[in-house]
Each structure stands twice: as structure tokens, then as C-alpha cells.
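Remarks on the structure that follows.
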Amino acid sequence: MGAAKFIRGLVRRIDPERLTVVVNTGDDDTFYGLHVSPDIDTVTYTLAGVVSRAQGWGLDGESFNVLGALARFYGRPWFGLGDRDLATHLYRTERMRRGISLSRITAEIAGAFAVKSRIIPMTDDRVRTFVKLRGRRAIPFQEYFVRGRARGTVERIELRGIGAARPNPAVLRAIRKSAAVILAPSNPFVSLGPILKLTGVRAALRRAKPRVAAISPIVGGKTIKGPADKMLRSLGMEVSPLGVARLYRDIAGLFVLDNADRRYLESIQRLGMRALATDTIMSTPERAAALAEVVLQALAV
């Protein structure tokens with residue numbers, strides 16, 4: 001959601017047709033026989049201007065009648081699929097069964113929503129994110145995050161299939177040719193982590209380091225939303241912008257943190273990165289646009 005909010009502001013400052021969004025697919029899962037791509041859909045709906053502002057995901061003004069009816073057969077639902085949102089999943093699943101790549105299907109769905117930016121799944125291969133909690137078996141990310149409400153101590157993140165997966169060629173091309181690459185204020189382990197662990201992606205970012213900016217998802221010792229702070233703590237890392245910056249020190253030339261955390265500026269600069277403090281709380285589209293403007297100016301775009 002941090003990425004979606006930032007994107008919402010970014011397209012107020014640049015021509016949407018100049019924007020390429022590389023999206024995590026490790027969160028993809030199957031519900032009621034349908035292939036659901038939560039991150040791709042949130043980005044698509046955000047760029048189309050139809051995302052639910054209240055929830056940050058799904059379609060605005062959505063109803064959930066079908067989900068309620070499915071409870072008769074499957075029991076109480078724990079993952080929200082709206083009535084109109086189901087059309088997206090039905091289309092994606094039917095096309096995938098015909099052997100069409102996720103990349104092509106994503107472009108078709110974006111086109112149907114009149115999205116002008118390019119949305120690229122990180123890979124067309126199957127990668128699934130599992131979370132291993134203390135005292136429990138590893139479970140799919142959505143089960144941990146949505147059903148379990150991110151409770152429990154995280155021992156490790158498993159990216160199943162990542163070794164055999166290959167990045168979408170368009171991902172590496174975008175990194176190589178873009179005027180700027182921005183790592184949005186997203187979870188560094190389960191949102192950006194799967195993308196960065198694909199073969200060749202991190203190396204491509206190292207080569208582009210002066211053009212790469214990363215935005216901290218940690219403000220004042222916690223996240224605005226999501227479990228990144230819990231994961232940092234559970235995995236033995238510092239819950240601060242500095243803790244996040246250490247994860248990106250080899251790939252980001254610029255690190256952006258909130259004004260509330262200005263005390264970390266010098267420490268981050270000692271990692272070999274430029275550091276910039278500004279207002280990173282994107283409570284409105286206008287504030288998201290202001291943050292985007294600061295980052296673009298710092299990258300001389």
C-alpha cells in the first residue's frame with residue numbers, strides 16, 4: 001500500500017506514460033480456484049483511479065455478495081474478494097489456463113482499465129512467499145498477513161521458487177534505461193525482497209546506483225501500515241530508517257527518510273548513500289505528490 005500511495009502521487013508529477021511499475025508476485029495465491037495477484041491489482045486499480053481509498057485495496061464502492069454466498073460451501077471467508085473485483089480474477093485465471101503469460105495478461109487488464117503506465121510482474125515464473133513463525137510451520141504470506149493479522153514472531157521469510165525463477169526481461173530493461181529508479185516505501189522483505197532476489201536484478205541496480213532512490217517505510221520506530229517493523233525486530237535488525245538503509249546500501253544512491261528521523265542522516269550517509277529528510281507521510285494524494293516531487297528533484301529528474 002505504501003507503493004500504491006507513492007505511485008498515486010508520482011503520476012501527479014510526471015506523465016503516467018513515462019512510468020513503469022515492477023510489481024511483486026510472491027504474494028499471489030489461489031482462492032476459490034482463481035489466481036489472485038493482490039499487488040498487481042492494487043497498483044492497477046490505483047493507477048486507474050478506482051481503488052478503494054478507505055481500504056487501500058480492491059475497487060471503490062465494492063460489494064461482497066458473492067463472497068457471502070461462497071461461505072455456504074467453503075465456510076467463513078478471510079480474504080476479501082469483491083463482486084466486481086472477481087471479474088479481474090476470473091479473466092486472469094481463464095487466460096492463464098490458456099497458457100498466456102502473466103505479463104501479457106497484466107497488460108491486457110491494465111489496458112481494460114485505461115491505465116497509461118506500464119505494469120510489469122517481476123517474473124512470469126511461480127514464486128511464493130512463505131512466512132515461518134516461531135513454533136509453527138511456514139505459511140503463505142496472505143495467510144500470515146490477512147488471516148493471522150501478522151501476529152507471531154517471524155523466524156525467516158521463504159521465497160519458494162526464487163532460485164529457478166527468471167526476472168521478466170522488461171524489468172532489467174527498465175532498470176537500465178530509466179531516468180530514475182525508486183524503491184517505494186514498501187516492506188523490504190516481502191514486497192521488495194522477492195524482486196531484489198531475482199537473478200540479475202540486484203546487479204542491475206548496483207550498476208544504476210546513482211539513479212536509484214529508496215524511501216524508508218519506517219517512521220518514528222514503526223510502520224504506518226504493514227508488518228515491516230515487526231519483521232525487522234523479529235529478524236534481529238534495527239527498527240529504524242538506518243536498519244532499512246543497511247538493506248539497500250549496495251543498490252541505492254539516495255535514501256529518503258522522514259523528518260521525524262533526521263537524527264539518522266549522518267549514520268545513513270556513512271553507509272555510502274546520500275540521505276534526505278522530508279515529510280514522507282502520504283495521508284493525502286497531495287502529500288504523496290509532494291514527496292514524489294522531492295525525490296524526483298533529488299534525482300535531478
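State to the nearest 20 debye the size of the charge dipole of the stretch 241-301 about its Cα centre, where the only charges are +1 on K and R beta carbons and -1 on D and E beta carbons.
Charge dipole, the stretch 241-301, about its Cα centre: 260 debye, nearest 20.
Using a Gaussian network model of the chain whose springs link C-alpha atoms within less than 10 Å, name the residue from 280, 30, 223 with the highest mean-square fluctuation.
So, out of 280, 30, 223, the one fluctuating most is 30.
Using the alpha-carbon centroid of each, what span in Å lies between the stretch 218-282 and the stretch 49-87?
Cα centroid of the stretch 218-282 versus Cα centroid of the stretch 49-87: 34 Å apart.
For residue 197, give me every one of the lysines with a C-alpha distance below 23 angstrom, ignoring sequence neighbours fewer than eight places off in its own chain.
Excluding near neighbours in sequence, the set is 132, 177, 209, 230.
Just round it to a whole percent: the fraction of Cα-Cα distances in the stretch 32-183 exceeding 22 Å.
Result: 52 percent of Cα pairs exceed 22 Å.
Filter the trypsin sites (Lys or Arg not before Pro) in the stretch 1-89 to those in DSSP coil with at most 12 other Cβ atoms within 10 Å of their Cβ, and list the result.
Passing both the DSSP loop test and the Cβ count: 53.
Could you check which residue among 208, 112, 288 shows the biggest mean-square fluctuation in a GNM of the chain with a 10 Å Cα cutoff?
With Cα springs under 10 Å in the chain, the top fluctuation among 208, 112, 288 is at 112.
Going through the stretch 1-105, which chymotrypsin sites (Phe, Trp or Tyr not before Pro) have at most 13 other Cβ atoms within 10 Å and a DSSP loop state? Provide the component values of the computation, followed by the final result.
Values: sites: 6, 31, 32, 45, 57, 64, 73, 74, 78, 79, 91; in loops: 32, 57, 64, 78, 79.
Those that pass, being in a loop and sparsely packed, are 78.
As an exercise, use a Förster radius of 22 Å and the Cβ-Cβ distance of residue 249 and residue 155 to find the FRET efficiency, rounded to the nearest 0.05.
Efficiency, rounded to the nearest 0.05: 0.35.
Based on Cβ point charges of +1 for Lys and Arg and -1 for Asp and Glu, what charge dipole magnitude is obtained for the chain about its Cα centre, in debye rounded to the nearest 20? Can you show the working numbers first?
Details: 48 positive and 27 negative charges, 172 e Å.
Result for the chain is approximately 820 debye, rounded to the nearest 20.
Identify which of 247, 205, 276 has the largest mean-square fluctuation in a Gaussian network model of the chain, with springs joining Cα atoms closer than 10 Å.
Among 247, 205, 276, the largest mean-square fluctuation in the Gaussian network model of the chain belongs to 247.
For the stretch 41-117, how big is the tail of P(r) above 19 Å, as a whole percent of Cα pairs? Walk me through the intermediate numbers first.
Details: 1236 of 2926 pairs.
Result for the distance tail: 42 percent.
Roughly how many percent of the accessible protein surface of the stretch 49-179 is carbon and sulfur, given a 1.4 Å probe and a whole-percent answer?
51
Compute the projected area of the convex hull of the Cα atoms of the stretch 172-230, averaged over all viewing directions, and report it in nm² to one decimal place.
Averaged projected area of the stretch 172-230's Cα convex hull equals 4.3 nm².
Rounded to the nearest 500, what is the chain's calculated 222 nm mean residue ellipticity when only DSSP H runs of at least 4 contribute -39500 (n - 2.57) each, over all residues?
Result for the chain, helices only: -10000 deg cm²/dmol.
Between the stretch 14-43 and the stretch 154-194, how far is it from one alpha carbon centroid to the other, in angstrom?
If we compute the Cα centre of each part, the gap is 13 Å.
Which label belongs to the value computed from this structure, given these candidates for percent of Cα pairs over 35 Å apart: [x] 22; [y] 14; [z] 10?
[y]
In Å², and per residue, what accessible area does the chain have when probed at 1.4 Å with the other protein chains present?
46
Please report the antiparallel percentage of the DSSP beta bridges confined to the chain, to the nearest 5.
50
The values are calculated or read from the model by the stated rules, or taken from the named source; none is laboratory data. Keep in mind it's a predicted model, so treat the numbers as computed, not measured. Glycine gets a Cβ as well: all are built from the backbone with ideal geometry, and neighbour counts include every protein chain shown. Heavy atoms of the whole protein, side chains included, go into the accessibility calculation; ligands, DNA and RNA do not. Shrake-Rupley method; radii C 1.70, N 1.55, O 1.52, S 1.80 Å.
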